[in-house]
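Here is the structure we will look at.
The values are calculated or read from the model by the stated rules, or taken from the named source; none is laboratory data. These figures come from a predicted structure and were not determined experimentally. With ideal geometry, Cβ positions are generated from the backbone for all residues, glycine too; neighbour counts draw on all protein chains shown. For accessibility, only protein heavy atoms count, side chains too; no ligands or nucleic acids. Shrake-Rupley method; radii C 1.70, N 1.55, O 1.52, S 1.80 Å.
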Amino acid sequence: MSARFRPSLDRRNLATFILAWAFLNFFINFDFPATPPLSFKLLRPSLEVWGLLGMLCALAWVGRAARAPIILPMTVVLVFGRLFRLGDVIMPVYFNRPFNLYMDIGYLPGLAHLLAHSFSPARLTLYAALTAVLVAALVWALWRALQTAGAFFRYPAARYGFAGVSLVLALAVGAYQSGRYPVHLPPPATAFAPRLAAEVAFMVNIRDIRHRGLAAVQMAAERIPAYEAPLAGLRGRNVYLFLIESYGQTLFKKPEHWQTFAPSIQWLAATLNRGGYTIYSRYLRSPTFGGASWLAFGTLESGVWLSDQLRYAYLVASRVPPLASYFARAGYRTLSIMPGTTMPWPEGRYFGYQREYHARDLDYRGPAFGFAPMPDQFVLDRVYRREIMPHEGPLFIRYVLVSTHAPFHRQPVYLPDWELVGDGSVYHQLAPVEFPNNWPDLTEATEAYLTAIRYELTVLGHYLTRFAHDDALIIVLGDHQPNAHITGSEAPSLVPVHVICRDASVLAPFRQMGFTPGVVPDDKPPFGGMQDFLPDLLAAFSR
């Protein structure tokens, strides 16, 4: 035994090493923001952390000290691992699907935009500062933990002990992989390397994946016939397509949601019926869940199933005719109303609308409401007065409404007197409806979500009955289910679709598409996908 090696020092050093390993292990294994994030999994060794410690041990064995050139790349590996695991946790929790590094990295600007509009400037600045301090503290702690481990391995007994424990761990992992591990015991270790390897394999095969994606887009274009008179069967009646953010099947099928939601949807049905409307409904399968709304209306308007961002990119660069182009050929003026769009959106050119209204084009003078720059009541009022009242020819208007956008924490009040809406300045004088929930935890956001949906149906019901819409065909549907914190992890990606018109004969073709009378859709499978909407609509109303 070395004269420098003292049992008291060794015990203290061992305790410090165990604390350093526990911190590194916790850093990688912590399942934030999953609920509950704390579990026995935190106590199982991370093979990635153990591998880094093994490298420090091996370097110490050959006389190499754990200096900055060694610690720095290890810290980078740990930070990357934490971010990768964060993606692996967030995507199933919020969007009910696996994380894909290649595609989901492109959502970061949108995520930053969402967070920036979900908090007040003061709170956002505070959270940004706290995040910067936390990140700096974590990086420093990682550095110190790795240095501590490197110092521990200077002792021969530490190296031999670590090697022995590593052998035991390797045998346990080998037994688990071979199926000889006791089935009643949890796995002996955790690892994200297999997931990372799968992501690397995806990137390696990206050329083939792109080829299949492009082929799917092209096949979708070929399944729609070349109609001589597309949508001529509508006879020039106005068509309004309302996409309601986060309007999902959970409202009808989850008992605790239906109990609160039922009076709202029943009120809407009664209000529309008194206004002379007939209603048919069904479910459609959305290509997305909890977010990425553009995949939903891209699928709806192109007839191409957009399962991911890659498919969407192929579509907007393609020549697949979008829904608006068919209405334009039928002599319609086509309008896109997207009040939630506050940044440049070059992909929007694909959808081919003759006039686009984004947030800046609506001349709103009131406050924002969370992610929504303006209330949907204002949007409907402004578009009606600016486009519907003065226009004489047929109109096709696609509304992408946003007052029901997560995190639902700040909502406008409904104004019974629509004459007061004006330019939106009145909302400065009205207290918003506020809830304590916000990102990242929406597990307590159900009440806020249901309140937002109630507001949306109230606005829509009064709008359709108080303003002159004559025999317009009205289509109302959700873009996707709300966040999985609200629906639960087993919810399907179904959304309700309602077709509404005062001329009941116009709705007859929808019965052939699986629509049934009333506002509550028939929940008997099979359920069609949003990609069927365009070809079905064209087949029903074209010559």
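See the values below:
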item	result
Packing-based order for 264-276, 480-492, using average beta carbon neighbours within 10 Å, highest first	480-492, 264-276
Y414, Y102, reordered so the largest accessible area comes first (probe 1.4 Å)	Y102, Y414
Phi to ³J(HN,Hα) by Karplus 6.51 cos²θ - 1.76 cosθ + 1.60 over the range 307-315, Hz, x for Gly, Pro	6, 7, 5, 4, 4, 4, 4, 5, 5
Centre separation in Å (Cα based) which lies between the range 218-295 and the range 385-455	18 Å
Counted charge near Q147, where neighbours are those whose Cβ lies closer than 14 Å (Asp, Glu -1; Lys, Arg +1)	+4
Karplus 3J(HN,Hα) series, Hz, for the range 127-137 with 6.51 cos²θ - 1.76 cosθ + 1.60 (x for Gly, Pro)	5, 5, 5, 5, 5, 4, 5, 5, 4, 4, 5
Peptides 154-161, 522-529, 314-321 ordered by average Cβ neighbours within 10 Å, highest first	314-321, 154-161, 522-529
Accessible carbon and sulfur surface of the range 90-218 relative to its total accessible area, %, 1.4 Å	72 percent
Residue-normalised accessible area of the range 378-417, expressed per residue, 1.4 Å probe, Å²	32 Å²
Carbon and sulfur %, accessible surface of the range 285-402 computed with the full protein complex present, 1.4 Å	50 percent
Residue-normalised accessible area of the range 71-226, expressed per residue, 1.4 Å probe, Å²	59 Å²
Peptide ranges 298-307, 345-354 listed from the most packed, as the mean C-beta count within 10 angstrom indicates	298-307, 345-354
Prolate/oblate/rounded label for the range 122-229 (Cα gyration tensor, a/c 1.5)	oblate
Mean separation of Cα contacts under 8 Å (6+ apart) over length of the chain, as relative contact order %	22 percent
Accessible surface of S505 - all protein chains present, 1.4 Å probe, nearest 10 Å²	80 Å²
Accessible carbon and sulfur surface of the range 462-501 relative to its total accessible area, %, 1.4 Å	45 percent
Relative contact order (%) - the range 278-406, alpha-carbon pairs under 8 angstrom, separation at least six	23 percent
Given (1) 23.0, 72; (2) 28.4, 98; (3) 25.6, 85, the label whose value is Rg and Dmax of the Cα atoms in Å derived from this model	(2)
Value of relative contact order over the range 279-328, rounded to a whole percent, pairs C-alpha under 8 Å and six or more apart	27 percent
For F369, residues with placed amide H under 5 Å, excluding near neighbours	M374
